[in-house]
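Heads up, the thing below is written out as structure tokens.
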Amino acid sequence: MITKVQTNNAPAAIGPYSQAVTVGDLVFTSGQIPLDPETGLIVGKDITEQTHRVCKNLEAVLIAAGSSLGSVVKTVCFLSEMSDFAAFNDVYAQYFAEKPARSCVAVKDLPKGALVEVEVIAQKE
């Protein structure tokens with residue numbers, strides 16, 4: 001059975017999708033960009049600030065789904081500039097200490113002009 005996840009502690013979806021869904025013991029989040037949950041506006045001018053906001057948004061969605069950043073098994077990361085890779089990794093490592101499997105690619109554009117977007121797959125706790 002698929003269950004939709006929704007929390008006010010993370011930004012509302014800006015399209016026809018859920019913040020996350022659960023299937024069995026797995027949580028699949030939608031990509032999170034650095035939106036403030038209250039205003040819906042981009043937070044941060046650089047990759048460091050934006051990555052912190054993305055990780056906090058992901059954490060809120062995972063908690064609502066009965067999981068946590070420590071239970072993430074896979075991340076998919078999108079950067080608008082690969083030159084931000086090292087700075088992104090510095091922040092990412094603070095949140096994903098368990099070192100889940102990961103893909104990280106540069107893309108042409110992200111929604112609302114974001115510099116970073118991350119989606120995860122996690123186990124429920």
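Quick note: the coordinates plus some simple rules give every number you see, no bench work behind them. Just so you know, these numbers come straight off a predicted model, no measurement behind them. Glycine also receives a Cβ, built like all others from the backbone with ideal geometry; neighbour counts cover every protein chain displayed.
How big is the charge dipole of segment 63-125 about its Cα centre, in debye rounded to the nearest 20, if each Lys and Arg gets +1 on its Cβ and each Asp and Glu gets -1 on its Cβ? Please list the in-between numbers first.
On the way: 6 positive and 8 negative charges, 37 e Å.
Dipole size: approximately 180 debye.
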GluC sites (Glu not before Pro) restricted to DSSP loop in segment 1-98 with at most 13 other C-beta within 10 Å: E38, E81, E98
Could you state the angle between the C-alpha long axis of helix 85-95 and the longest principal axis of the C-alpha atoms of the chain, as a value from 0 to 90 degrees rounded to the nearest 10? 30 degrees
Given a 10 angstrom Cα cut-off, can you work out which residue in A114, A86, A65 is the most mobile in a GNM of the chain? A86
Starting from the amide H of S67, placed 1.01 Å from N in the peptide plane, find each other amide H under 5 Å away whose residue is 5 or more places distant or on another chain. E125
Selected from L41, L62, L26 as most flexible by GNM, with the chain as the system and alpha-carbon contacts under 10 Å: L41
Under the 0.36 nm per residue contour assumption, what length would be gained going from the current alpha-carbon distance of D90 and C104 to full extension? 3.7 nm
Taking every DSSP beta bridge with both residues inside the chain, roughly what % is antiparallel (nearest 5)? 75 percent
Can you give the Kirkwood hydrodynamic radius of the chain from its Cα pairs, in Å with one decimal? 14.3 Å
Dimensions (Å) - segment 66-125, Cα atoms, principal axes, largest first: 35, 21, 16
Would you mind checking which residues have amide H under 5 Å from V73's amide H? H placed 1.01 Å from N; only 5 or more apart, or other chain. I121, A122, Q123
List the relative contact order of segment 2-123 as a percent without decimals, with contacts defined as Cα pairs under 8 Å and 6+ residues apart. 32 percent
Where in segment 57-73 does the label zone of T3 land, with the point 7 angstrom along Cα→C-beta and an amide N cut-off under 14 Å? 62-68
In order over segment 18-31: 3J(HN,Hα) from phi, Karplus 6.51/-1.76/1.60, θ = phi - 60°, whole Hz, x for each Gly or Pro, gives 9, 4, 6, 9, 10, 9, x, 9, 10, 10, 10, 8, 6, x
Calculate the dipole size of segment 2-123 relative to its Cα centre from +1 charges on Lys and Arg beta carbons and -1 charges on Asp and Glu beta carbons; express the result in debye to the nearest 20. 220 debye
Determine which aspartates and glutamates satisfy two conditions relative to K45: a Cα distance under 15 Å, and not lying fewer than 8 residues away in the same chain. D36, E81, D84, E117
Taking only Cα atoms and a 10 Å spring cutoff, compute GNM fluctuations for the chain and point out the largest among F78, F96, F28. F96
Compute all pairwise cysteine Cβ distances in the chain, then list the cysteines with no distance under 4.7 Å to another cysteine. C55
Value at 222 nm in deg cm²/dmol, rounded to 500, when DSSP H runs of n ≥ 4 in the chain each add -39,500 (n - 2.57): -7500 deg cm²/dmol
Among the lysines, select those whose C-alpha is under 25 Å from the C-alpha of K99, and discard any that sit fewer than 8 residues away in the same chain. K56, K74, K124
